[in-house]
Amino acid sequence: MSDQKIKKKPSGAEYRKRKREQEKEFHKAKKLMNIDKYIAKKSQEELESISEKSCPSTSFGTKEDKNEEDDKTTTESQESHENDSTGNVNNHSSLVINDSETTISQTVDLSDVGNWPDNRNNKMVDHLITLGPSQVQQPNFPKDESGRHFTSSQYFRKLPNNETILRRWLKFSASTSFFRYPSKNRVFCFCCRLFNSQSTSNLTSEGFNNWKHLSEILKTHENSALHKKYHHQWFEREIRLKRGNTIDCEEQKLINRETLRWNNVLTRLMNTVLYLAENNMAFRGSSDKLYTRNNGKFLGLVELLGKFDPIMEEHLKLATTGGISDHYCGKDIQNELIHLMGEKVTSEIISRAKNAKYYSIIADCTPDISHVEQLSLTIRFADLTDANVAIKEHFIEFIPATSSTGAGLTEVILSILKKHGLEIANCRGQGYDNGANMKGKNIGVQKRILDLNPLAFYVPCGCHSYNLVLCDAAKSSVNSVTLFGILQRIFTLFSASVNRWKILTDHVELFSVKKLSDTRWEAKINSVKSVRYQICEIHDALVTLANVTEKTDHTTSHEASTLAEQLKDFGFILSLVVWYEILFQINVVSKSLQSQDMDLGKSAEMLENCCNFFEEYRKTGFKKAYCTASDLAKELQVNPEFKPAKRLRRIKRQAGEIATDEPIESPEKKFEVEFFNKLLDVALMSIKERFQQLKDYSDTWSFLHDIKKNPEKKELAVLCANLQQKLTVGSNSDIDGDGLCDELISLKHFLPGDNISCITVLNFIRQREIQELYPNVWIAFRIFATIPVTVASGERSFSKLKLIKTYLRLTTSQSRLSNLATLSIENEIAGQLDFSQLIRSFADKKARKVKFY
């Protein structure tokens, strides 16, 4: 025993005085609670300590504490027991005396029992009792090193007659507001931790996490005298608070009225924040003070509400006259409310994704206005929250990517998934654009994630692939390059001046000319469409522009007259018609691929139809396009004839040459061979090359596209076995091939109608609750629907990025940007937020003098 411990030992007189006080308080408690038959010879802490010593402890306190316990003598144990008892009995008194306000960090979440501060006063205790011991319900609690974990069944106590009752006092240390990772991964006794702050028991102080022996510890604890005492004390105080029979009931009524007022104020402030965030509006102005000019939209809306709403009118009056110190309308509170609501929406999305289990990731990058590379992450999964199953794609957040290499982007994506508790093993799909750092087969993002999880199937974005097909076809011949060059020159000429644009709008009524772009998916079709249906009006506008600028601007006049002559070229008119019909077909497919419920089956079917169109159009399309172009030429008063070909220079054949390459002398035939046929051949070849991976995946899942058209059992069994092999890693497989074959044969007779889609099958099983009858079909179709075919959702998030982070909002922090984007993009979920729960979370984190509830 050290000298330090000897000094702490009380004198004999002090020891006897403490013992008399202890016995007096003990008999008081015994008489009030009538618990004679439950009092044991040993205290609660000693009983739990004995049980814990017999268990292989994992993390019950520090090494120093264990050594001190081993060195304790019988006298010290008795003294420790008496000190604990005295401290426990007088704990309430000390709380009453120490009734000062306690300052708590803004990061403290009082809904988590593991985060409670040690210096709890009466108001804090009342606040915690009002919150109540909400119990975390989670299907999979975190495991320890031995693979054991807490289960929800421990919340219930089994009685001798096999009935169960809820252990309301048992609380798992995790935040109930945003449950992603547990705070301590331990369990606590709510009432003992509330009233017995001096106890050294693990269930009261540090928490208990020896899951192997948890049942016996809980049984010992709930039968102990001290637990029953504090449980009764908690029960009585909770009833008094509900009935308003506390000693400070009048003060409590005032607090309740103040609480209701602050609830109403915060509800209005949160709705204001939500409105501005959903509409991508700026919050702040040049001033942050109420009733000053240019103080921003947030304070402006607050002042507007104050004119018509009595609650806000009273709040603003108190704020301006000094009746309250904090009006909660400042920029810091704005950021906190934005963060709180954004995190709540993200938490809801993550919860749905975990409920669905299987998900896919959609990622894309773009630089923002401040030249920071922003990576947008979206997840896709089969949402099982509502009665009907639906395929949803939800935005998660924007993350600055310091490195645009495959390794750097992979690290960022994995860090986000880990942050939100999404296991990479449950990822079943990847969707990126066609950038080399994303789709690279050696060091790209998709290859690195496939190395971690071979079941994360990668499919290149269909819309990006179609756009690249058009880019390849646009460079296939001189006529195609000339066509798009003329269209771009027309736009540049008219858009260079407001006077020129006025001339254009005076002649054109339907569509204005559009700018070409290699990245925007619809740029080419819009550019071609405006000239295709208004070629006469645009020709007249060019002639008018040439005449107007003939004497003032010779360069512009020459450019306009040259373009007007080129529009009257029959080769240009015919190429315009051909390109519009091709672009129209591809645009229909591209538009359809951008829907959220698009799956591999539908996309493969549309791809096949597009290829069939090109093949058919190559055979018969030239004559139809020729007739259409002739009608347009007549409207322009132009003969539908090609310009005569230049004189061909024949090459002398050498001796012994047999083959003769006769040049094409007919201008029409030459145009068909060099432009039309080449354009269709390049488009077909590019489609087959760029969509080969999509076709391979589609062939693997083809028998699930429409199970009504499935082959015979023998062939179907082979397809199911191949799918099982695709979904197998090591010895683990998502499905059983034989079981899937039998289930498909059985299920197709019950499905109504024809053309059964993936969502139809999932809803049929879900609505009838027959998942246990068709488990392999249920799993296979969820994975099939999860695999993405486009990254359109990621591209849409970039539109919100440009609206939120503008050149006037360059200093927006990354957290604020991401949360504002979440509230704007996921406005449907944001509109369903429970403001009472948000106010409670806000109050827990603030824990100031103001009572919000």
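The values are calculated or read from the model by the stated rules, or taken from the named source; none is laboratory data. Values in this document were obtained by computation on a predicted structure and should not be read as measured data. No Cβ is skipped: glycine too gets one built from the backbone with ideal geometry, and neighbour counts run over all protein chains shown.
From the list 600, 593, 574, pick out the single residue that is assigned by TED's automatic domain parsing to the domain that holds residue 472, crowded, with 18+ Cβ neighbours inside 10 Å and in contact (Cβ under 8 Å) with a residue 60 or more places away in the chain. Give the derivation first.
Numbers: 600 fails: assigned by TED's automatic domain parsing to the domain that holds residue 472; 593 fails: assigned by TED's automatic domain parsing to the domain that holds residue 472.
Result of the check over 600, 593, 574: 574.
When residue 705 is evaluated against the numbered criteria (1) modelled with pLDDT under 90; (2) in contact with a Gly (Cβ under 7 Å, 6 or more places away or on another chain); (3) more than 30 Å from residue 612 (Cα to Cα); (4) not basic (Lys, Arg), which criterion, by number, is the only one it fails?
Failed condition: (3).
Please work out which one of (1) touching an Asp or Glu at 6+ places or on another chain (Cβ under 7 Å); (2) surrounded by 18 or more Cβ atoms within 10 Å (Cβ to Cβ); (3) part of a loop (DSSP other than H, G, I, E, B) is the condition residue 291 fails and give its number.
For residue 291, the exception is condition (2).
Please find, within segment 373-399, the residue that is surrounded by the most Cβ atoms within 10 Å (Cβ to Cβ) out of those that are over 11 Å from the mean Cα position of the chain (by Cα) and of a type outside the set (A, V, I, L, M, F, W, C).
Among residues in segment 373-399 that are over 11 Å from the mean Cα position of the chain (by Cα) and of a type outside the set (A, V, I, L, M, F, W, C), the one surrounded by the most Cβ atoms within 10 Å (Cβ to Cβ) is 374.
Quick one: which helices (runs of 4 or more DSSP H) lie wholly within segment 419-528 and hold at least 2 residues that are within 30 Å of residue 673 (Cα to Cα) and β-branched (Val, Ile, Thr)? Walk me through it before giving the result.
Working: elements: 436-439, 445-452, 462-474, 478-495, 498-507.
Qualifying helices (runs of 4 or more DSSP H): 478-495.
Among the listed residues 404, 370, 360, identify the single one that is of a type in the set (Gly, Ala, Ser), in contact with a strand residue (DSSP E or B) (Cβ under 8 Å, 6 or more places away or on another chain) and exposed (fewer than 15 other Cβ atoms within 10 Å of the Cβ). Reasoning before the result, please.
Numbers: 370 fails: in contact with a strand residue (DSSP E or B) (Cβ under 8 Å, 6 or more places away or on another chain); 360 fails: exposed (fewer than 15 other Cβ atoms within 10 Å of the Cβ).
Unique residue meeting the criteria: 404.
Go through segment 328-382 and give me each residue that's of a type in the set (D, E, K, R), in a strand (DSSP E or B) and farther than 19 Å from residue 813 by Cα. Don't jump to the end; show me each part of the working.
We begin by selecting, within segment 328-382, every residue of a type in the set (D, E, K, R); these are 331-332, 336, 343-344, 348, 352, 354, 357, 364, 368, 373, 380.
Add one more test, that the residue is in a strand (DSSP E or B), and what stays is 364, 373, 380.
Listed by number, the residues that qualify are 364, 380.
Got at least one residue in segment 699-713 being β-branched (Val, Ile, Thr) and either closer than 22 Å to residue 460 by Cα or surrounded by 16 or more Cβ atoms within 10 Å (Cβ to Cβ) (or both)? Outline the logic, then answer.
Of segment 699-713, the ones β-branched (Val, Ile, Thr) are 700, 707.
From what is left, the residues that are either closer than 22 Å to residue 460 by Cα or surrounded by 16 or more Cβ atoms within 10 Å (Cβ to Cβ) (or both) are 700, 707.
Looking through segment 699-713, at least one residue is β-branched (Val, Ile, Thr) and either closer than 22 Å to residue 460 by Cα or surrounded by 16 or more Cβ atoms within 10 Å (Cβ to Cβ) (or both).
Identify the single condition in (1) touching a Gly at 6+ places or on another chain (Cβ under 8 Å); (2) at positive phi; (3) of a type outside the set (Lys, Arg) that residue 364 does not satisfy, given that it satisfies every other one.
Of (1) touching a Gly at 6+ places or on another chain (Cβ under 8 Å); (2) at positive phi; (3) of a type outside the set (Lys, Arg), only one is false for residue 364: (2).
With the condition kept exactly as written, say whether any residue in segment 321-330 is within 30 Å of residue 797 (Cβ to Cβ), surrounded by 15 or more Cβ atoms within 10 Å (Cβ to Cβ) and under 33 Å from the mean Cα position of the chain (by Cα). Even if it seems obvious, please write down each step before you answer.
Filtering segment 321-330 for residues within 30 Å of residue 797 (Cβ to Cβ) gives 329-330.
Adding the requirement that they be surrounded by 15 or more Cβ atoms within 10 Å (Cβ to Cβ) leaves 329-330.
Imposing the further condition that a residue be under 33 Å from the mean Cα position of the chain (by Cα) reduces the set to 329-330.
Checked segment 321-330: at least one residue is within 30 Å of residue 797 (Cβ to Cβ), surrounded by 15 or more Cβ atoms within 10 Å (Cβ to Cβ) and under 33 Å from the mean Cα position of the chain (by Cα).
Quick one: in segment 412-430, of everything that is within 15 Å of the chain's Cα centre (by Cα) and small (Gly, Ala, Ser), which residue is modelled with the highest pLDDT?
415
Can you confirm whether segment 493-507 contains a residue that is touching a residue at least 24 places away in the same chain (Cβ under 8 Å), closer than 30 Å to residue 794 by Cβ and out of contact with any His (no Cβ under 8 Å at 6 or more places or on another chain)?
no
Being surrounded by fewer than 19 Cβ atoms within 10 Å (Cβ to Cβ), hydroxyl-bearing (Ser, Thr, Tyr) and either more than 16 Å from residue 625 (Cβ to Cβ) or at pLDDT below 90 (or both) narrows it down to one residue among 549, 544; which is it? Step through it out loud before you land on a result.
Working: 549 fails: surrounded by fewer than 19 Cβ atoms within 10 Å (Cβ to Cβ).
From the options 549, 544, the qualifying one is 544.
Free of Cβ contacts under 8 Å to residues at least 60 places away in the same chain, buried (at least 19 other Cβ atoms within 10 Å of the Cβ) and over 20 Å from residue 457 (Cα atoms): does that describe residue 773? Let's see the steps before the verdict.
On the way: free of Cβ contacts under 8 Å to residues at least 60 places away in the same chain: yes; buried (at least 19 other Cβ atoms within 10 Å of the Cβ): no; over 20 Å from residue 457 (Cα atoms): yes.
So residue 773 does not fit the description; no.
Scan the helices (runs of 4 or more DSSP H) fully inside segment 673-778 and keep the ones with 3 or more residues being over 30 Å from residue 479 (Cα atoms) and touching a Ser or Thr at 6+ places or on another chain (Cβ under 7 Å). Walk me through how you get there before you give the answer.
On the way: elements: 678-690, 692-701, 713-726, 737-747, 758-768.
Output list reads 713-726.
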